[in-house]
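Here the structure is laid out as structure tokens; the discussion comes afterwards.
The values are calculated or read from the model by the stated rules, or taken from the named source; none is laboratory data. Quantities reported herein were computed from a predicted structural model and do not represent experimental measurements. Quick reminder, even Gly has a Cβ in these numbers, built from the backbone with ideal geometry, and neighbours come from all protein chains shown. Areas reflect the complete protein model, heavy atoms only, side chains present, ligands, DNA and RNA absent. Shrake-Rupley method; radii C 1.70, N 1.55, O 1.52, S 1.80 Å.
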Amino acid sequence: MDSTDALSRSRCPERRLNKTSQVSHLFHDQFAFRPTGSTTAALIYLFHHLTHRLKNHNSVHLTALDFSKAFDTVRHSTLAAKIASFPICDNVYNWIINFFSDRQHQTKANGCFSEFQHISASFVQGSGMGPVAYLLNASDLRPINQNNKIFKYADDTYIIVCDSNTHTIPKELQHISEWATRHNLKLNQLQHQMIL
């Protein structure tokens with residue numbers, strides 16, 4: 001199978017998942033890698049929620065979070081366990097598991113090849129499955145306080161907190177940090193940006 005055929009096949013589950021209404025509710029806060037998602041849609045969503053909250057509050061905190069190398073660190077076993085809980089048909093589930101099974105990597109430098117190494121984390125760069133797998137992996141990242149709002153654009157995550165809830169920000173950040181640790185992701189503490 002050539003690389004064009006492999007890439008085309010890797011996009012099949014992506015298209016199936018995007019059309020599956022049973023899991024689409026899991027992505028209501030995600031704006032990347034979706035037919036209806038875009039940076040424009042994400043900005044409209046952000047401004048809508050900020051404006052709506054500013055009608056009833058003096059200020060709103062917007063915190064931008066960054067996960068270091070998010071697509072390179074997601075464990076296949078964690079992803080497989082999570083996908084098993086989704087209401088997707090067996091053939092799509094089996095295809096996804098097969099796609100991530102027995103992955104290996106070899107490096108070539110100056111005409112020399114390294115030994116093959118087993119890969120148990122990360123997504124194949126350029127594959128259609130990489131973005132979908134990340135969306136599935138991040139689908140359960142939710143705020144702990146129902147009055148706070150999280151939204152995502154790929155691995156960029158934002159949390160909106162009204163002035164009446166500022167006391168929840170440390171708990172929300174701790175919750176997100178713990179979620180990241182459970183999912184083999186690293187929350188980049190140096191890249192946090194808070195806008196008031």
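A few remarks follow.
- Within the accessible area of segment 39-181 (1.4 Å probe), percent carbon and sulfur: 53 percent
- Rounded to the nearest Hz, the phi-derived 3J(HN,Hα) couplings of segment 63-79 under the Karplus curve 6.51 cos²θ - 1.76 cosθ + 1.60 (θ = phi - 60°) are 10, 9, 10, 10, 9, 5, 6, 4, 6, 8, 10, 5, 6, 4, 5, 5, 5, where x marks glycine and proline.
- FRET efficiency, 1/(1 + (r/R0)^6) with R0 30 Å, evaluated for His49 and Asn98 via beta carbons: 0.15
- Spacing of the two label points (7 Å from each Cα toward its C-beta) at Lys171 and Asn188, in nm: 2.9 nm
- Ranked packing of 47-59, 78-90, most packed first, by mean Cβ within 10 Å: 78-90, 47-59
- Heavy-atom SASA rank of Glu172, Glu115, Glu178 (probe 1.4 Å, accessible area, largest first): Glu115, Glu178, Glu172
- Amide H contacts under 5 Å for Ala154: Phe31, Ala32, restricted to partners 5 or more places along the chain or on a different chain, H placed in the peptide plane at 1.01 Å from N.
- Here the label points at Asn58 and Ile144, each 7 Å from Cα along the C-beta direction, are separated by 2.6 nm in the simple model.
- Cα gyration tensor, segment 30-151 - rounded (a/c under 1.5), prolate or oblate: prolate
- Computed about the Cα centre, the dipole magnitude for segment 40-112 is approximately 180 debye when only Lys and Arg (+1) and Asp and Glu (-1) carry charge, each at its Cβ.
- Heavy-atom surface of segment 73-179, accessible at 1.4 Å and reported per residue (Å²): 51 Å²
- Using only side-chain charges placed at the Cβ, +1 for Lys and Arg and -1 for Asp and Glu, the dipole size of segment 65-196 relative to its Cα centre rounds to 60 debye.
- Residues in segment 140-154 reached by a label modelled at Phe86 [backbone nitrogen below 20 Å; 7 Å Cα→Cβ]: 140-143, 150-154
- Centre-to-centre, using Cα atoms only, segment 36-50 and segment 124-179 are separated by 15 Å.
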